[in-house]
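The values are calculated or read from the model by the stated rules, or taken from the named source; none is laboratory data. Because the structure is a prediction, the values reported are computed rather than measured. Here the Cβ is made from the backbone with ideal geometry for all residues, glycine too, and neighbour counts use every protein chain on show. Remember, those area values only see protein heavy atoms, side chains included, never the ligands or the DNA or RNA. Shrake-Rupley method; radii C 1.70, N 1.55, O 1.52, S 1.80 Å.
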Amino acid sequence: MTLKRISGAMAPVLVAAFAVIGSGVPAAQAEAVKLKAASFLPQRVIFAKHFYEWADKVNEECAGEVEISVVGPAAVPSLEQWRALKTGVIDMHFGPPNYYKGEMVEADVTILAKNGATAQKENGAWAMLNDLHNEKLNAWYLTHIHDGVKFFLYTSKPHQDGRFDGMRLRSVPIYDGFFRYLGADPVRMAPPEVGTALERGAVDGYGWPLWGVVDFGWHKFTKYRHGPGFFSANINLLVNLDRWNGLADSQRACLDRMTEWLDTEWPKWRAAEGENQAKMLADAGVEYVDLGAEWAATAEALHWEALEEASPEFIGKIRPLLQ
């Protein structure tokens, strides 16, 4: 049978079908699935840079299978992105687990981990966390990055024998307890407000990781960086569970493959960028103050205690897998 002899409404349909077959691309895979992702920070900020680069790499390596487009907080507010993911407004989310701690109190346990994403996938910790994300957030937990990027306490005033009594410090829930233990008063504010608050003396310092201080311009009002670093600035990469389950096997396989690539590449990026960020702070005149090993140990012990009180069964099971 030739195409000339096909008549009626069937002719255009069969012509299109033969065109796809002739191209060597299966009809079911003729178009890549388009996934809309939201990042909690814009691309220019160092904490978002590597996620945007990963999305570009996925689009290159998974061409014909998966295509990711990324929007920032200007399109979907940072603190609302996890909810948009849960309800399916967006397909993917890149953001810190403490942002959805009210929905999943155990979410940020990995900030205390002494091992990375690859080890957690091998020993069962990832599976436990993925199950929890499935249940409470309607999300598939691909992986996290920024483990090993430690938090520090930055101030415009010197400490007094390791104490910060009376200081107002910009804080988030994960280190509220630690700051109170040090005698400080935790204060809530969004990152864009911190610079103005420092300049006006409304706060005396802030908790923040090693990275990003210069990005926000806070180094202009910062004199001291107190350590050793505590916790890890983990940021999770999630997919809406319904969207994930609706992908073809080959599409999920490509995302899994690119996630493994990210897990492998991340330690290299961390080492290079860590040196760069520390140098920028030193060049800006921010003095590093080492308060001894007990500094970080106390911060972590207080957070373990809070997590175990909030979710004793889950934390009791996963803690040995994160050591």
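Which one of Glu135, Glu103 is outside any helix (DSSP H, G or I), open to solvent by 20 Å² or more (accessible area, probe 1.4 Å), over 22 Å from Tyr206 (Cβ atoms) and not polar (S, T, N, Q)?
Working: Glu135 fails: outside any helix (DSSP H, G or I).
Exactly one of Glu135, Glu103 is outside any helix (DSSP H, G or I), open to solvent by 20 Å² or more (accessible area, probe 1.4 Å), over 22 Å from Tyr206 (Cβ atoms) and not polar (S, T, N, Q), namely Glu103.
When residues in region 148-167 are screened for being open to solvent by less than 10 Å² (accessible area, probe 1.4 Å), assigned to a loop (DSSP other than H, G, I, E, B) and either among the β-branched types (Val, Ile, Thr) or free of Cβ contacts under 8 Å to residues at least 24 places away in the same chain (or both), 1 of them pass. Against the numbered list (1) open to solvent by 10 Å² or more (accessible area, probe 1.4 Å); (2) in a strand (DSSP E or B), Tyr141 comes up short only at (1).
Restricting attention to region 152-189 and to residues that are within 22 Å of the chain's Cα centre (by Cα) and among the charged types (D, E, K, R), the residue that is modelled with the lowest pLDDT turns out to be Arg188. Against the conditions (1) open to solvent by less than 40 Å² (accessible area, probe 1.4 Å); (2) in contact (Cβ under 8 Å) with a residue 60 or more places away in the chain; (3) within 19 Å of Ile315 (Cβ to Cβ); (4) part of a helix (DSSP H, G or I), Met128 satisfies every one except (1).
Residues checked against (1) among the β-branched types (Val, Ile, Thr); (2) under 21 Å from the mean Cα position of the chain (by Cα); (3) surrounded by fewer than 14 Cβ atoms within 10 Å (Cβ to Cβ); (4) at pLDDT 95 or above:
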{"position": "Met258", "(1), (2), (3), (4)": "no, yes, no, yes"}
{"position": "Trp266", "(1), (2), (3), (4)": "no, yes, no, no"}
{"position": "Glu273", "(1), (2), (3), (4)": "no, yes, no, no"}
{"position": "Gln277", "(1), (2), (3), (4)": "no, yes, no, no"}
{"position": "Lys317", "(1), (2), (3), (4)": "no, no, yes, yes"}
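Quick one: Leu247 ticks every box in (1) open to solvent by less than 40 Å² (accessible area, probe 1.4 Å); (2) hydrophobic (A, V, I, L, M, F, W, C); (3) within 22 Å of the chain's Cα centre (by Cα) bar one, so which box is it? With respect to (1) open to solvent by less than 40 Å² (accessible area, probe 1.4 Å); (2) hydrophobic (A, V, I, L, M, F, W, C); (3) within 22 Å of the chain's Cα centre (by Cα), Leu247 is out only on (3). Only a single item in (1) over 27 Å from Lys114 (Cα atoms); (2) in a helix (DSSP H, G or I) is not met by Gly183, and it is number (2). Please specify each residue of region 65-87 satisfying the condition of being surrounded by fewer than 19 Cβ atoms within 10 Å (Cβ to Cβ), among the charged types (D, E, K, R) and not in a helix (DSSP H, G or I). Within region 65-87, Glu67 is the sole residue that qualifies. Which number in (1) aliphatic (A, V, I, L, M); (2) closer than 20 Å to Ala306 by Cα; (3) touching a Leu at 6+ places or on another chain (Cβ under 7 Å); (4) touching a residue at least 60 places away in the same chain (Cβ under 8 Å) marks the one condition that Ile145 misses? So Ile145 meets the others, but not (2).
Of the listed requirements (1) open to solvent by 10 Å² or more (accessible area, probe 1.4 Å); (2) within 18 Å of Leu247 (Cα to Cα); (3) part of a loop (DSSP other than H, G, I, E, B); (4) in contact with a helix residue (DSSP H, G or I) (Cβ under 9 Å, 6 or more places away or on another chain), Ile90 misses just one: (1).
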